[in-house]
Each structure stands twice: as C-alpha cells, then as structure tokens.
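The values are calculated or read from the model by the stated rules, or taken from the named source; none is laboratory data. All values derive from a computational prediction rather than experimental measurement. Don't worry about glycine lacking a Cβ; one is built from the backbone with ideal geometry, like all the others, and counts go over all protein chains shown. When the accessible area is computed, the model is the full protein with side chains, heavy atoms only, and any ligands, DNA or RNA have been set aside. Shrake-Rupley method; radii C 1.70, N 1.55, O 1.52, S 1.80 Å.
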Amino acid sequence: MSAIIYAMIIILPIAFLTFSIYRMFKRQAEGQTVKKSLKSHFAGLAVLAVLMVCLAFTASAANENDSTAADNSTAVSQQSAEENAETASDSGNGLVMIAAGLAMGLSGIGGGIAVAAGAPAAIAATSENPKSFAKSMIFVALGEAIAIYGLVIAIMIMNS
C-alpha cells in the first residue's frame, strides 16, 4: 500500500505540472492575456502544494499503520526499546521532509525574485558605468545567497 502512495508522490506532481504548463501555453495561444493565464497557473500550483502536503501526511500515516500491524503480529514483550524509538521516528519523518522541502523551495523562490530584480539593475548600471560592475555583482550575489541559506537550513533540518 505504501509503495502506491510513494509512486503517487513522485508521478502525480510531474503529471500535474506538465498539464498545468500545457494548459497555460494553450490559453495564451487562444488569446488569453499572460497575466490571466499566470494567475490560473499559480492557482494550480497552490492546489498541487496542498495535494503534496496531503500525500505526505498519508504516506506518514501509512508507515505508522504498517508498523502497528507488524507490532500486533508479534508479541509485545519481544519488542525492544530501540524498535519503539525507530517506529516513533518513522512517523515524524514525513514532516521533516515537508519542512526541509519548504525551506529549500521557499528560499529558492525568494532568491529567484531577488535575482530577477537585482540582475537587470546590475546590467543597467554596468552598461552606464563599467567601473560599477563589482558593486552591482554584490547585490546579485546577495540574492543568490538566500537560496544557499535555504539549502543549509534544509540540510540542518534533515540531520536533526
């Protein structure tokens, strides 16, 4: 049962994103404005995010149910304290993955927004005054550092 859920966690987002991007380009080809098609695309991404959180909770619950079924088939007296600790850590593993994914994903989005605002300004400043290249690149690098900080936090969450 949990193999089906894990397959859904991998296949469903890829299929949904492919369909959403296809629908966005199709609507633009039909004459819909870019702003309107992007709004519908972001609404679809919000639905995907909610769906992924629900699937992660379902996978976590499936792991917990599998471990309780294994516990019922064996005698309670034969279980050691290590197995009980391992079962407790497995049930919280899904939430750790969600937290690490959110840390990395949101920092990547923030870094992308920062670079999208800083890089054109840096290019414009450099084209007006070539001596300002180093100063301009500092602001672009600061925007990219946001994503690196998110990666570090995600790694720290995964190791805790």
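Details
- Reach of residue 39 by Cα under 30 Å, taken over lysines that are not fewer than 8 positions away in the same chain: 26
- Heavy-atom surface analysis with a 1.4 Å probe gives the stretch 92-160 a carbon and sulfur content of 78 percent of its accessible area.
- Once the Cα-Cα distance is subtracted from the 0.36 nm per residue extended length, the residue 58 to residue 32 segment shows a gain of 5.6 nm.
- Taking Cβ atoms as reference points and 15 Å as the exclusive limit, the residues near residue 47 contribute a net charge of +2, counting Lys and Arg as +1 and Asp and Glu as -1.
- Peptides 125-132, 103-110 ordered by average Cβ neighbours within 10 Å, highest first: 103-110, 125-132
- Cα-projected label distance for residue 124 with residue 8, points at 7 Å along beta-carbon direction, nm: 4.8
- Rolling a 1.4 Å probe across all protein chains gives residue 52 an accessible area of roughly 50 Å².
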